[in-house]
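A.B. asks: What follows is a single structure, and I will ask about it in a moment.
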Amino acid sequence: MTSIADLRKEYTLNGLSEASADANPFKQFEKWFSEAIAAALPEPNAMTLATATAAGKPSARIVLIKGFDEHGFIFYTNYESRKGRELTENPFASLVFHWTELERQVRIEGAVEKVAREISERYFHSRPAGSQLGAWASAQSRVVSGREELESNLAARMEEFEGKEILLPPFWGGYCVV
């Protein structure tokens, strides 16, 4: 069996020089993100989101970036989830994109703020109906009794919103890492 300490790879694809880098980090990110999409990587928008409690206890998970501009990087979630609670206590986060096939990673750190409700609504309504209902049905980061509870919650929400617009839950929306 190979020793973990012996696992290594030589990274030889693309170096990074100041001469080739855009002085604007958002434009550089846009270039690299476009390259990740063009390379047909699986989920190039997947990123690690690291948060911490007020006491500094860290946690990390994978989320999907859903927008970015010169103000920051946007993702959406349940505000009552563990990440939402931690961002309320300690409104700072770190993001990491790891594009293995391109031998590239991008680290982003910054303050976090909620995006405007109208922006969250626009994104929420762009999602498939099943995803919208799932936001209502899943008590993210909370213990459930089993799959049946989730399915029952989903069925109740399907009945509640049948033939109607699915409203944006008050506990769900976007964050921007500035």
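The values are calculated or read from the model by the stated rules, or taken from the named source; none is laboratory data. The model shown is predicted, which means the values in this text are computed figures rather than measured ones. When we count neighbours, we look across all protein chains shown, and the Cβ atoms used for this are built from the backbone with ideal geometry, even at glycine. Each accessible area value is taken on the protein alone, full model and side chains, heavy atoms only, with ligands, DNA and RNA left out. Shrake-Rupley method; radii C 1.70, N 1.55, O 1.52, S 1.80 Å.
A.B. asks: What do you get for the angle between helix 117-126 and the principal long axis of the chain? Use alpha-carbon atoms, 0 to 90 degrees, nearest ten.
C.D. replies: The answer is roughly 90 degrees.
A.B. asks: Could you pull out every residue, at least 5 positions away or on a different chain, whose amide H is within less than 5 Å of the one on residue 115? Hs are placed 1.01 Å off N in the peptide plane, and Pro or chain starts have none.
C.D. replies: Here the answer is 174, 175, 176, since their amide H atoms fall under 5 Å of that of residue 115.
A.B. asks: Then there's this: Taking the Cβ of residue 74 as the center, what net charge do the other residues with Cβ under 12 Å away carry, scoring Lys and Arg +1 and Asp and Glu -1?
C.D. replies: Overall, the nearby charge balance is +1.
A.B. asks: Then there's this: Restricting to DSSP H runs of at least four residues, report the calculated mean residue ellipticity at 222 nm for the chain, -39500 (n - 2.57) per run over all residues, nearest 500 deg cm²/dmol.
C.D. replies: Rounded to the nearest 500, the figure is -9500 deg cm²/dmol.
A.B. asks: Leaving out ligands, DNA and RNA, and with a 1.4 Å probe, what % of the accessible surface on the chain is carbon or sulfur?
C.D. replies: 54 percent
A.B. asks: Another question about this same structure. Suppose R0 equals 30 Å; then what is the FRET efficiency for residue 116 and residue 82 from their Cβ-Cβ distance, rounded to the nearest 0.05?
C.D. replies: Step by step, r from the Cβ atoms, then E = 0.80.
A.B. asks: Additional query: Expressed in nm to one decimal, what extension gain is obtained for the pair residue 69 and residue 8 from 0.36 nm per residue of sequence separation less their Cα-Cα distance?
C.D. replies: Gain on extension, residue 69 to residue 8, equals 18.4 nm.
A.B. asks: Are there any GluC sites (Glu not before Pro) in segment 130-168 that are in a DSSP loop and have at most 12 other Cβ atoms within 10 Å? List them by number.
C.D. replies: Counting only loop positions with at most 12 other Cβ atoms within 10 Å, the GluC sites (Glu not before Pro) in segment 130-168 are 162, 165.
A.B. asks: What whole-number value in Å² describes the accessible area per residue of segment 69-178 for a 1.4 Å probe?
C.D. replies: It amounts to 57 Å² per residue over segment 69-178.
A.B. asks: Are there chymotrypsin sites (Phe, Trp or Tyr not before Pro) in segment 1-78 that DSSP marks as loop and that have at most 15 other Cβ atoms within 10 Å, and which are they?
C.D. replies: Counting only loop positions with at most 15 other Cβ atoms within 10 Å, the chymotrypsin sites (Phe, Trp or Tyr not before Pro) in segment 1-78 are 11.
A.B. asks: Here is a further query. Counting only Cα, what are the radius of gyration and maximum Cα-Cα distance Dmax of segment 14-78, in Å?
C.D. replies: In order Rg, Dmax, the Cα atoms of segment 14-78 give 14.5, 41 Å.
A.B. asks: Test of the criteria: in segment 77-178, which trypsin sites (Lys or Arg not before Pro) are in a DSSP loop and have at most 10 other Cβ atoms within 10 angstrom of their Cβ?
C.D. replies: In loop regions of segment 77-178 (DSSP not H, G, I, E or B), the sparsely surrounded trypsin sites (Lys or Arg not before Pro) are 142, 164.
A.B. asks: Pairing the Cα long axis of helix 147-160 with the longest principal axis of the chain, what angle in degrees results, from 0 to 90 and rounded to the nearest 10?
C.D. replies: Result, in degrees: 60.
A.B. asks: OK, next. List, largest first, the extents of the alpha carbons of segment 1-119 along their principal axes, each in whole Å.
C.D. replies: 42, 40, 26
A.B. asks: Leaving ligands and nucleic acids out of the surface, order 12, 48, 100 by accessible area at 1.4 Å, largest first.
C.D. replies: Descending accessible area places them as 12, 100, 48.
A.B. asks: Label points 7 Å out from Cα along the Cβ direction at residue 178 and residue 27: separation in nm?
C.D. replies: Using points 7 Å along Cα→Cβ, the separation is 2.4 nm.
A.B. asks: A further question follows. Grab the other residues whose beta carbon is less than 14 angstrom from that of residue 35, score K and R as +1, D and E as -1, and report the net.
C.D. replies: -1
A.B. asks: For residue 79, which sequence-distant residues (separation of 5 or more, or a different chain) have an amide H within less than 5 Å of its own amide H, given hydrogens modelled in the peptide plane?
C.D. replies: Correct list: 172, 173.
A.B. asks: When the Debye formula is applied to the Cα atoms of segment 38-178, each taken as the same point scatterer, what base-10 log of I(q)/I(0) results at q = 0.12, 0.22 Å⁻¹?
C.D. replies: Each listed q maps to, in turn, -0.55, -1.36.
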